[in-house]
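The next block holds one structure in the form of structure tokens; read it before the comments.
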Amino acid sequence: MILYIVRHGQSTWNIEKRLQGQTMDVPLTDLGLEQAAQARDELADVPLTAIWSSDQVRALQTAQVIAAAHALDVQPEPLLREHCFGALEGLLPSEMKEEPVPEGQHISEIAWGGGESVADVYQRMLRLIELLRAEFGSQDHVALVSHGDAIRILASALEDRGHRNVEYFKVYNGSVHPRRLD
């Protein structure tokens, strides 16, 4: 199957540079809606079978713009949520303080702010991959609307790189990242 992994459009917290994490009700800006429309246009000729989205507002708003052009319903999927940062969510970079990695631990295995570790999100993405394999066939084209870190960690899981080797590539608001899932 072909996955078209889309990052949500710009949100109000993107503008403010707040750490969003799993804060559920952060909406898109006008520019974010335009970016969602650009993703829709990029996917216009793709024969989408389904559109799954994180159940967070900014992702759902993006998915709904894409879905309208394909006459599909959006399937909310909590496995597509962003990396949870617990008590750090909503903070500005200036409000955060650097903390050392505890001795003997890998940075990807620490749940900063009491949220999820990268290892936790990686396991969540492995569950998502198994769910996709159970739901869809090899010829299906599925759009997944998610979030920056979740997309990077999903890419690592799709490429079997492990949670310690996540590539932190640029994932722009409204960008579409095709990936094959065998």
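The values are calculated or read from the model by the stated rules, or taken from the named source; none is laboratory data. Please read all numbers here as calculations on a predicted model, not as lab measurements. Cβ coordinates were reconstructed from backbone atoms using ideal geometry, including for glycine residues, and neighbour counts include every protein chain displayed. Please note that ligands, DNA and RNA were not included when accessible areas were found on the heavy atoms of the full protein model with its side chains. Shrake-Rupley method; radii C 1.70, N 1.55, O 1.52, S 1.80 Å.
What the table below lists for this structure:
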| item | result |
| --- | --- |
| Matching label, Cα extents along the principal axes in Å computed from the structure shown, candidates (i) 58, 34, 31; (ii) 66, 51, 31; (iii) 50, 36, 23 | (iii) |
| Rounded to the nearest 10 Å², the accessible area of residue 94 at probe 1.4 Å | 100 |
| Solvent-accessible surface (1.4 angstrom probe) belonging to residue 167, in square angstrom, nearest 10 | 100 |
| Theoretical gain in end-to-end length, residue 95 to residue 72 [0.36 nm per residue, Cα-Cα removed] | 4.2 nm |
| Selection from 63, 106, 88, by position along the positive dipole direction of the stretch 38-106 (Cβ) | 63 |
| Accessible area of residue 57 in the full protein assembly, 1.4 Å probe (Å², nearest 10) | 50 |
| The stretch 7-159, accessible surface, carbon-and-sulfur percent (1.4 angstrom probe) | 49 |
| Ellipticity estimate at 222 nm from DSSP helix runs (n ≥ 4, -39,500 (n - 2.57)) divided over the chain, nearest 500 | -10000 deg cm²/dmol |
| Student exercise, the chain dipole from Lys, Arg, Asp, Glu Cβ charges, in Debye to nearest 20 | 180 |
| Average accessible surface area per residue within the stretch 54-182, 1.4 Å rolling probe, Å² | 51 |
